[in-house]
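Structure, as structure tokens:
The values are calculated or read from the model by the stated rules, or taken from the named source; none is laboratory data. Just so you know, these numbers come straight off a predicted model, no measurement behind them. Note that each Cβ is placed from the backbone with ideal geometry, even for glycine, and that neighbours are counted across all protein chains shown.
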Amino acid sequence: MADYLVAHGIPAAKVVRDFAGRDTYDSCARAKRIFGVEHLTVVTQTYHLPRAVATCRALGLDAIGVGTPSASGMPRCGPPGSAARSSRRSRPSGM
């Protein structure tokens with residue numbers, strides 16, 4: 001992703017890679033605490049975007065978001081409009 005952003009005109013100094021972020025909360029917290037980020041743009045799957053931006057804002061970051069349709073077409077395992085998605089890992093074996 002970082003290479004793509006730089007190739008499309010984003011200054012490399014503005015792209016922060018977090019190799020230790022394990023989830024959205026951790027990545028947002030590390031952006032602020034470790035990298036000193038105050039303003040950021042979250043780039044993630046569209047269904048995940050509202051929660052990701054809200055998480056960053058709750059941690060005191062000035063966050064905006066850009067969604068990607070990369071998760072479209074994934075089967076849902078929750079009610080229509082929910083962010084729940086099914087995956088092979090989430091299903092018990094034998095199903």
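Tabulated data
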read-out	value
Of all residues in region 54-65 being of a type in the set (A, V, I, L, M) and touching a strand residue (DSSP E or B) at 6+ places or on another chain (Cβ under 7 Å), the one that is surrounded by the most Cβ atoms within 10 Å (Cβ to Cβ)	A63
Close pairs from region 45-57: first closer than 14 Å to K32 by Cα and among the hydrophobic types (A, V, I, L, M, F, W, C), partner modelled with pLDDT under 95 and in a helix (DSSP H, G or I), Cβ under 7 Å, at least 6 apart	C56/C28
Scope region 1-34; condition assigned to a helix (DSSP H, G or I) and loosely packed, with under 13 Cβ neighbours inside 10 Å; matching residues	A2, D3, Y4, A7, A12, A13, K14, R33
Check on I34, over 10 Å from the mean Cα position of the chain (by Cα) and under 15 Å from V66 (Cβ atoms)	no
Near pairs, Cβ below 7 angstrom, 6+ apart or cross-chain, from region 17-41 (within 22 Å of D3 (Cα to Cα)) to any residue that is polar (S, T, N, Q) and surrounded by 15 or more Cβ atoms within 10 Å (Cβ to Cβ)	D18/S27; G21/S27; T24/T55; C28/T55
Members of region 35-53 found to be small (G, A, S) and surrounded by 14 or more Cβ atoms within 10 Å (Cβ to Cβ), listed by number	A52
